[in-house]
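Below is one structure, written out as structure tokens, with a few remarks after it.
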Amino acid sequence: MNQEELSETAIQFVEVATAYGLQVVGAIVILIVGWVVAGWSRGAVNRALGKIKGMDETLRHFLATMVRYLVIAITVVMVLERFGVQTASLIAVLGAAGLAIGLALQGTLSNLAAGVMLLFFRPFKVGDFVEAGGVSGTVKQISLFTTDMATPDNVKIIVPNKQLWDTSIKNYSANETRRVDFLLGIGYGDDIDKAIAVIQQTVAADNRCHTDPAPQIVVGDLGASSVDIVVRVWCEAGDYWGVKFDLTKAFKQTFDKEGIEIPFPQQVVHMMKPDGESA
């Protein structure tokens with residue numbers, strides 16, 4: 001190879017190196033800028049969502065991270081375009097792959113979507129006693145895929161979020177007060193007014209029962225073997241079971257003391273003689 005050929009080869013190498021070098025430098029600059037912007041975007045979204053009252057911390061970090069990954073994905077596409085890669089076909093391939101993965105992980109993604117909705121709309125929070133999805137218990141932890149609950153006898157239940165979101169949710173801890181209902185049966189021979197007065201005294205003796213709204217004590221029904229008195233009292237939500245158990249015991253003890261009968265279920269049987277007359 002003579003001097004002229006060497007010079008021409010060197011010039012071509014310099015041109016190629018310069019062209020690709022500029023592309024590499026440009027790609028590196030895009031990567032650096034994209035990485036910085038991705039981190040800044042994550043921080044900005046995190047701070048903005050943190051100003052929203054009641055925003056869950058898990059959901060806030062999840063959304064901020066998603067924004068960061070989105071910016072990084074856009075940056076990678078821009079870098080590939082610098083090297084002449086047909087990003088349109090690449091995006092189509094990635095879209096098809098994403099669709100296939102989405103179909104394969106349909107249940108998991110449904111739980112993820114339900115978890116985002118639960119964390120955003122907050123139908124319940126940690127510490128609430130809820131009934132949903134065929135289970136009931138105290139909420140211990142809410143994650144993006146599952147919710148951990150504990151039953152009243154302290155059995156841990158891990159419930160997929162989709163199971164909770166797709167059904168009606170009863171939150172027994174959402175309101176500060178709850179109403180406790182009783183159905184008390186007295187004998188037909190007992191004095192109804194006396195029984196109502198005794199019930200009023202028993203309720204008034206328990207300072208956990210609210211006076212506003214006032215307790216409601218009414219004759220609800222004339223049953224097959226008893227006169228049924230409906231008692232409705234209001235209390236703090238945290239006192240519900242204590243009031244329920246204690247007043248049930250107090251009603252029985254007070255009725256016994258005052259001689260008010262709580263009748264057993266009974267039936268009247270008529271015996272017929274062969275001639276058709278009652279026995």
Lone unmet requirement of (1) among the hydrophobic types (A, V, I, L, M, F, W, C); (2) out of contact with any helix residue (DSSP H, G or I) (no Cβ under 6 Å at 6 or more places or on another chain); (3) outside any loop (DSSP other than H, G, I, E, B) for residue 233: (2)
Lone unmet requirement of (1) touching a Gly at 6+ places or on another chain (Cβ under 8 Å); (2) of a type outside the set (A, V, I, L, M, F, W, C); (3) surrounded by fewer than 16 Cβ atoms within 10 Å (Cβ to Cβ) for residue 162: (3)
Hey, residue 249 outside any loop (DSSP other than H, G, I, E, B), within 29 Å of residue 129 (Cα to Cα), basic (Lys, Arg) and not assigned by TED's automatic domain parsing to the domain that holds residue 138 or not: yes
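If only one of 109, 118 is modelled with pLDDT under 85 and not small (Gly, Ala, Ser), which one is it?
109
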Single residue of 102, 50, 21 found to be at pLDDT below 65 and within 29 Å of residue 160 (Cα to Cα): 102
Scan of region 207-230 for residues that are part of a loop (DSSP other than H, G, I, E, B), of a type in the set (A, V, I, L, M) and within 39 Å of the chain's Cα centre (by Cα), ordered by number: 214
Residue 204 vs. criteria closer than 19 Å to residue 257 by Cα, without any contact (Cβ under 8 Å) to a residue 40 or more places away in the chain and under 39 Å from the mean Cα position of the chain (by Cα): yes
Qualifying positions in region 234-271 - out of contact with any Phe, Trp or Tyr (no Cβ under 8 Å at 6 or more places or on another chain), surrounded by 13 or more Cβ atoms within 10 Å (Cβ to Cβ) and of a type in the set (Val, Ile, Thr): 243, 254, 260
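Out of region 124-145, which residues are free of Cβ contacts under 8 Å to residues at least 60 places away in the same chain and more than 17 Å from residue 237 (Cα to Cα)?
Answer for region 124-145, where residues must be free of Cβ contacts under 8 Å to residues at least 60 places away in the same chain and more than 17 Å from residue 237 (Cα to Cα): 132, 133, 134, 135, 140, 141, 145.
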Count - residues of region 235-279 that are modelled with pLDDT of 85 or more and over 23 Å from residue 192 (Cα atoms): 10
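The values are calculated or read from the model by the stated rules, or taken from the named source; none is laboratory data. Predicted model only: the values in this text are computed from it and were never measured. Neighbour counts are summed over all protein chains in view; Cβ atoms, including those assigned to glycine, are modelled from backbone coordinates with ideal geometry.
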